[in-house]
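A.B. asks: Structure in structure tokens, see below.
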Amino acid sequence: MGKQMKKSLEAQLTQYIEAGFPILYINTSEEEKADAAIRQTAAKIRWSHLTEWNGSRMVNFNTKAPMGASDDTLQGVLALFLEETAKGRLLILKEPQAQWENPECVALLRDVALRITTERLKDCAVIIVSSSYELPQEIEHYVTVLENEALTYEQIANVIQAAAEEWEAKLEQDALDEMVTALKGLTESEIQNILRLAYHQYSGVLDRKAMTMILEQKRQTIKKSGILEMVEVNAGMNDVGGLANLKKWLERKASIFKNLQAAQAFGVDMPKGVLIAGVPGCGKSLSAKATAALLNVPLLRLDMGRLLGKYVGESEANMRKAISLAEAISPCVLWIDEMEKAFAGVGGEGGGAEVTTRLLGSFLTWLQEKEAPVFVVATANDILKLPSELLRKGRFDEIFYVKLPNRQERAAILEIHVRKRRKQDLPQINVPALAAETEGYSGADLEGVVKDSIEAAFAAGKDHVGTEDIKRAIRETQPLSEIMKESLDKMQGEYEKRKYKSAS
Ligand code: ATP
């Protein structure tokens, strides 16, 4: 998956067209770049009949002049394409997805694909250019998806320098490096848009001050892409109470990740990532954030629910997009939240299961072969719902399970949350006594207890929070273990049976 991405769009087009692939799908919002790549490809393979359907009519691809066709619908254009016999023809379809509602259109396109594949239409190909990925099932089989390759460090630096020159903006050299790093993973036009905004906001100077804004804009741009979210990292390892084994393990991986070149030269494998499973509210998400802080890299959250699209192949295209974006932004942490949501049901029957099985396959291949410094932190509440392929040795570097915190851990968690809000009260609070009274409480429960007691003390007009205030809040909180005792016991039994490592 990753390797295909590194070739230029033009090289990919040439390769697939020459190999007789009938339909190529360029998934991009940069139409001009796609056009340029198509133009170069056509010149290289010497195909000269280039027709475009631009969403409403048929035009000459090179001049964009209407071709005066009697039937300008996609259906008419496809019918014409089937009739003609000239060789060296490319049909370029722009944003055609609205037409998939029309079964005749779909049938005609399928016919075109079939005839190209069986060489009844010689030296022909269809290229779809679209900013989204939607395909009817009948056609999916004939389609190869291409993606615009990510910009390199030098290319991003060039875009920034060119923009600064054009606007006669002052560009501070020492800010350039930081900007390039911050803008990794975005397309040329996205970078230009963000720079333009920064330039106007900071009255013509592009310097370090613009960084906060650039990062915020990048966060929004990534969010718009739909599947990945750049999460603000507001917690470090010191904010995680307990989980000593997990922390120690992560620290060792961090020392490798931060000195990757030296480590690899020494023979150390590229760190893949970790799967953290177990009880809700006990610090799995928190650990993902703290890992990014530890590695000092951005944290990207993959939303499994949104990954699963309604069209066939859409989910895989989304996965590919998310992965190539993460690779482009790397070094980074890729956090796969609630993994069981997407991968439950793998191996089962029916169309949905088939999609998730393929999705899992492509994810595993990537995980196995990945060369980019993307550290995966996958979290799951119920590991028993995950397919066994994911849990096999060698997939993740390690699998940890998180259980309810023990007494010592509860003390650490309570202390963290009191310190965060009422540091001055901490010396007077009997934390060990509170820890002893909170057996069965999750980390989130304990945080809730601290928050409630502070709120209650304030509402009662007190000037501090004491042990008794917190004890009261404890009595008023129903712990997680009471709510879901049975399933917790069962899960823990399973984890122990399978000999996963305990995070504590
Ligand atoms: P879920 O599966 O429900 O997402 P989770 O295990 O990911 O649960 P978190 O989101 O990490 O749980 O925990 C919720 C909140 O509870 C955290 O933001 C944190 O404030 C608190 N918390 C949980 N565990 C710990 C812990 N070990 N140390 C400190 N705080 C904790």
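The values are calculated or read from the model by the stated rules, or taken from the named source; none is laboratory data. Everything numeric in this text was worked out from a predicted model, so none of it was measured. Quick reminder, even Gly has a Cβ in these numbers, built from the backbone with ideal geometry, and neighbours come from all protein chains shown.
A.B. asks: Out of 176, 186, 151, I need the residue that is out of contact with any Cys (no Cβ under 8 Å at 6 or more places or on another chain) and not in a loop (DSSP other than H, G, I, E, B). Which one?
C.D. replies: It is 176.
A.B. asks: On to the next question. For the subset of the range 197-235 comprising residues that are surrounded by 14 or more Cβ atoms within 10 Å (Cβ to Cβ) and within 16 Å of the ligand (Cβ to nearest atom), which member is nearest to residue 318 (Cα to Cα)?
C.D. replies: That would be 229.
Each row is one residue, and each column tells you yes or no for (1) farther than 23 Å from residue 109 by Cβ; (2) at pLDDT 90 or above; (3) under 37 Å from the mean Cα position of the chain (by Cα).
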| position | (1), (2), (3) |
| --- | --- |
| 4 | yes, no, yes |
| 10 | yes, yes, yes |
| 43 | yes, yes, yes |
| 58 | no, yes, yes |
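A.B. asks: Out of (1) assigned to a loop (DSSP other than H, G, I, E, B); (2) away from the ligand (no atom under 16 Å from the Cβ); (3) within 26 Å of residue 471 (Cα to Cα), what's the single condition that is false for residue 372?
C.D. replies: Residue 372 satisfies every listed condition except (3).
A.B. asks: Continuing with the same structure: Tell me, yes or no, whether the range 212-223 has at least one residue that is under 30 Å from residue 362 (Cβ atoms), at pLDDT 95 or above and touching a helix residue (DSSP H, G or I) at 6+ places or on another chain (Cβ under 8 Å).
C.D. replies: No: zero hits.
A.B. asks: Could you tell me which of the residues 435, 473 is within 14 Å of the ligand (Cβ to nearest atom), assigned to a helix (DSSP H, G or I) and within 24 Å of residue 239 (Cα to Cα)?
C.D. replies: 435
A.B. asks: Identify, please: which residue in the range 121-135 is buried (at least 20 other Cβ atoms within 10 Å of the Cβ) and over 14 Å from residue 26 (Cβ atoms) and is, among those, modelled with the highest pLDDT?
C.D. replies: Ranking the candidates gives 124 first.
A.B. asks: Return the residue satisfying two criteria in turn: it lies in the range 261-313 and is under 12 Å from residue 334 (Cα atoms) and of a type in the set (Val, Ile, Thr), and of such residues it is modelled with the lowest pLDDT.
C.D. replies: 297
A.B. asks: In the range 398-412, is there at least one residue being modelled with pLDDT under 95 and away from the ligand (no atom under 16 Å from the Cβ)?
C.D. replies: Within the range 398-412, one or more residues are modelled with pLDDT under 95 and away from the ligand (no atom under 16 Å from the Cβ).
A.B. asks: Filter the range 248-271 for residues that are buried (at least 19 other Cβ atoms within 10 Å of the Cβ) and outside any helix (DSSP H, G or I) and give the result.
C.D. replies: 271
A.B. asks: Quick one: is residue 162 of a type in the set (A, V, I, L, M), surrounded by fewer than 20 Cβ atoms within 10 Å (Cβ to Cβ) and touching an Asp or Glu at 6+ places or on another chain (Cβ under 9 Å)?
C.D. replies: no
A.B. asks: Quick test for you: out of 118, 85, 73, pick the one residue that is surrounded by fewer than 19 Cβ atoms within 10 Å (Cβ to Cβ), closer than 20 Å to residue 144 by Cβ and of a type in the set (Val, Ile, Thr). Before you say what the answer is, go through the steps one by one.
C.D. replies: Numbers: 85 fails: closer than 20 Å to residue 144 by Cβ; 73 fails: closer than 20 Å to residue 144 by Cβ.
So the residue among 118, 85, 73 that is surrounded by fewer than 19 Cβ atoms within 10 Å (Cβ to Cβ), closer than 20 Å to residue 144 by Cβ and of a type in the set (Val, Ile, Thr) is 118.
A.B. asks: Tell me the residue from 307, 286 that is aliphatic (A, V, I, L, M) and within 14 Å of the ligand (Cβ to nearest atom), please. Show your work before the answer.
C.D. replies: Numbers: 307 fails: within 14 Å of the ligand (Cβ to nearest atom).
After ruling out the rest, the residue left standing is 286.
A.B. asks: Is it the case that residue 395 is under 30 Å from residue 364 (Cβ atoms) and either more than 14 Å from the ligand (Cβ to nearest atom) or at pLDDT below 95 (or both)?
C.D. replies: yes
A.B. asks: I've got another one for you. Report, ordered by the first and then the second residue, all pairs with beta carbons closer than 8 Å, sequence separation of six or more or different chains, a first member in the range 123-150 that is at negative phi and among the aromatic types (Phe, Trp, Tyr), and a second member that is assigned to a strand (DSSP E or B) and at pLDDT below 90.
C.D. replies: Close Cβ pairs (under 8 Å, with a partner that is assigned to a strand (DSSP E or B) and at pLDDT below 90) amount to 133/27; 133/145.
A.B. asks: Hey, residue 71 hits all of (1) farther than 30 Å from residue 322 by Cβ; (2) part of a loop (DSSP other than H, G, I, E, B); (3) acidic (Asp, Glu); (4) in contact (Cβ under 8 Å) with a residue 12 or more places away in the chain but one; which does it fall short on?
C.D. replies: It fails just one condition, (4).
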